[in-house]
Structure formats: C-alpha cells, structure tokens
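The values are calculated or read from the model by the stated rules, or taken from the named source; none is laboratory data. Remember, predicted model here, so these are calculated numbers, not experimental data. Each accessible area value is taken on the protein alone, full model and side chains, heavy atoms only, with ligands, DNA and RNA left out. Shrake-Rupley method; radii C 1.70, N 1.55, O 1.52, S 1.80 Å.
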Amino acid sequence: QVQLVESGGGLVQAGGSLRLSCAASGRTFSSYHMGWFRQTPGKEREFVAAISRSGGSISYADSVKGRFTISRDNAKNTLYLQMNSLKPEDTGVYYCAASRQVFGATTQGQYDYWGQGTQVTVSS
C-alpha cells in the first residue's frame, strides 16, 4: 500500500512553467511504476507521462512531448513533473498514480493507487 499526495499546482500564464511533486508514503515507492494523468470537467482522465520503477524508462503523451519532463527520486519517495511552455489546453487537475505491475499504462484502470490531485490553470 502507498499513499500519494500531489503539490505544486497553481495559476500560470501561457508560456510559463510549473513543477508538480507527488510525495509517496512507505518504503515501497521504488516497487511501483508511476504515472501522471490530468482531467478537465466533462472529459476522461487523460494520460500525461509515465516512468518505470528505477526511472530508466519514460513515456509521454504526444500532446506534452518536448514540454514536460517526468522524473523520480526514490531516495526521497517523490515523483516530479516539470511542465514548461504551458498552454491553456494543459489546464486541469493533475493526478499521480502508482502501478505495481505495468510501466507506461495509459488507462486509469491499470493503476493501483491515486493521489487527490492538484489544480493547474493556464491562462491565455
């Protein structure tokens, strides 16, 4: 079991940057593949990025490639999402998620644990 808590969201103008963090409890953080999702009212929860247990494998949604960077620090039990060149369409609630078995999963049901989310709003 693991508890996940996101932080770092906020309001930023288009072209700006934000760094999201996801703090995980327990000593088993390195046993989980991790991912970031985002959700806008009226839309399905959307895959953003994923990172493997050791950080050696990374995947991104096409919409964020070249702008977002996912990383993790297993010694600190923390997952990060660096978001640069933000666009209004990046607006949404961002969630971190943990999967025991699957790296790079793009659907909500493939993850075992979820954080509470942090709001990111990008203005024009």
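Listed values, structure above:
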quantity: Of all accessible heavy-atom area on the chain, the percent that carbon and sulfur account for (1.4 Å); calculated: 45 percent
quantity: Whole-angstrom gap from the range 75-110 to the range 1-63, using each part's C-alpha centre; calculated: 2 Å
quantity: Where Rh is the Kirkwood radius over Cα pairs, Rg/Rh for the chain; calculated: 0.94
quantity: Three-way shape label, the range 54-124, alpha-carbon gyration tensor, a/c 1.5; calculated: prolate
quantity: Probe 1.4 Å, protein heavy atoms only - accessible area per residue of the chain in square angstrom; calculated: 50 Å²
quantity: Candidate lysines for bridging to residue 87, where Cα separation is under 28 Å - those fewer than 8 sequence places away on the same chain excluded; calculated: 43, 65
